[in-house]
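Peer 1: Dumping the structure here so I can ask a few things about it.
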Amino acid sequence: MNTSLTNAARLFTAGLRALLVLTVVTGIVYPLVVTGVAQGLFPGQANGSETKADGKVVGSSLIGQSYNLPLKEGRTTPEPDLRWFQGRPANGLGTNTVNTQYELILSGATNRSADNPELLRWVKDAKAAVVRDNSVPGHPVRPEDVPADAVTSSGSGLDPDISPRYADLQVHRVAAKNGLAADRVQELVDEHTTPRTLGFIGEPRVNVLELNIALRELVAPGAGH
């Protein structure tokens, strides 16, 4: 009897020591080491790839933003603010309907097939809007000029980048809305075009947030136009 109690006590003590040691190692030491290494070697990525303007965090380079006008009375969706470069459609986004205590946006794809009537209508309406919004006197936009990323959302609905082709298509509209020379706005796009990673991975891209920050600096009072 005493032997059984002794063995049980010994096993209990050993298990408790293992629990305490593993808790300290995996719950405290390991997270601190990983956090320290990440902050030391990759501080930008570890802190969410923050993008700053005027010394303030205005977003993340990994998450797309919308540039819309204030929602008008009687409308359910806001109109785009055409002074700024626009990102990809966000049809994949949804809203949290389970826990309504917080205003959460849920990312995701539309999960609709290529021949889905609703998806086809979205693409058709988006293309018509791109043609209408970006056609300025002397520089009309044709439907065949509209690239795919201008009318389709990404898998997450939060793609921060657009293709250089879509950015170029918006140049004359942005220039006209801000009273700038189109050549200067085109230079801005070219300066913020990122080539393929290592020259062969992915596609050339333009980060919309970073481009619009540069655009704001260009149109700010006192900036050279």
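The values are calculated or read from the model by the stated rules, or taken from the named source; none is laboratory data. The structure presented is a predicted model; accordingly, all values stated were derived computationally and were not measured. Neighbour counts run over all protein chains shown; Cβ positions are idealised from the backbone, glycine included.
Peer 1: Can you tell me which residue in segment 40-57 is surrounded by the fewest Cβ atoms within 10 Å (Cβ to Cβ), limited to those that are hydrophobic (A, V, I, L, M, F, W, C) and within 14 Å of E210 (Cα to Cα)?
Peer 2: Ranking the qualifying residues of segment 40-57, first place goes to V57.
Peer 1: So which of P78, P70, P31 is within 20 Å of the chain's Cα centre (by Cα) and either assigned to a helix (DSSP H, G or I) or over 28 Å from D183 (Cβ atoms) (or both)?
Peer 2: After ruling out the rest, the residue left standing is P78.
Peer 1: Report, by residue number, each residue of segment 45-56 that is closer than 23 Å to R216 by Cα and more than 16 Å from the chain's Cα centre (by Cα).
Peer 2: Of everything in segment 45-56, those that are closer than 23 Å to R216 by Cα and more than 16 Å from the chain's Cα centre (by Cα) turn out to be A53, D54, G55, K56.
Peer 1: So how many residues does segment 176-209 have that are closer than 15 Å to N134 by Cα and surrounded by 20 or more Cβ atoms within 10 Å (Cβ to Cβ)?
Peer 2: 1
Peer 1: Just checking, which of V174, V136 is over 25 Å from S60 (Cβ atoms), more than 14 Å from the chain's Cα centre (by Cα) and assigned by TED's automatic domain parsing to the domain that holds E203?
Peer 2: The conditions single out V136.
Peer 1: Here's a follow-up. Suppose the filter is surrounded by 11 or more Cβ atoms within 10 Å (Cβ to Cβ), touching an Asp or Glu at 6+ places or on another chain (Cβ under 7 Å) and modelled with pLDDT of 85 or more; does S66 pass it?
Peer 2: Numbers: surrounded by 11 or more Cβ atoms within 10 Å (Cβ to Cβ): yes; touching an Asp or Glu at 6+ places or on another chain (Cβ under 7 Å): no; modelled with pLDDT of 85 or more: yes.
Taking the combined requirement at face value, the residue does not satisfy it.
Peer 1: I've got another one for you. If E144 passes every condition in (1) surrounded by fewer than 19 Cβ atoms within 10 Å (Cβ to Cβ); (2) outside any helix (DSSP H, G or I) but one, which one does it miss?
Peer 2: Failed condition: (2).
Peer 1: Considering each of P164, P147 in turn, give the residue that is within 22 Å of I213 (Cβ to Cβ), assigned by TED's automatic domain parsing to the domain that holds N68 and within 22 Å of the chain's Cα centre (by Cα).
Peer 2: It is P164.
Peer 1: Hydrophobic (A, V, I, L, M, F, W, C), more than 20 Å from the chain's Cα centre (by Cα) and over 25 Å from G92 (Cβ atoms) - does that describe any residue in segment 187-201?
Peer 2: Yes, there is a match, as at least one residue in segment 187-201 is hydrophobic (A, V, I, L, M, F, W, C), more than 20 Å from the chain's Cα centre (by Cα) and over 25 Å from G92 (Cβ atoms).
Peer 1: List, please: which pairs have Cβ atoms under 7 Å, are six or more places apart or on different chains, and start with a residue in segment 60-81 that is under 19 Å from S154 (Cα atoms) and end with one that is of a type in the set (A, V, I, L, M) and surrounded by 10 or more Cβ atoms within 10 Å (Cβ to Cβ)?
Peer 2: Here the result reads S61/L209; I63/L158; G64/L158; G64/V208; Q65/L209; S66/A90, each pair linking segment 60-81 to a residue that is of a type in the set (A, V, I, L, M) and surrounded by 10 or more Cβ atoms within 10 Å (Cβ to Cβ).
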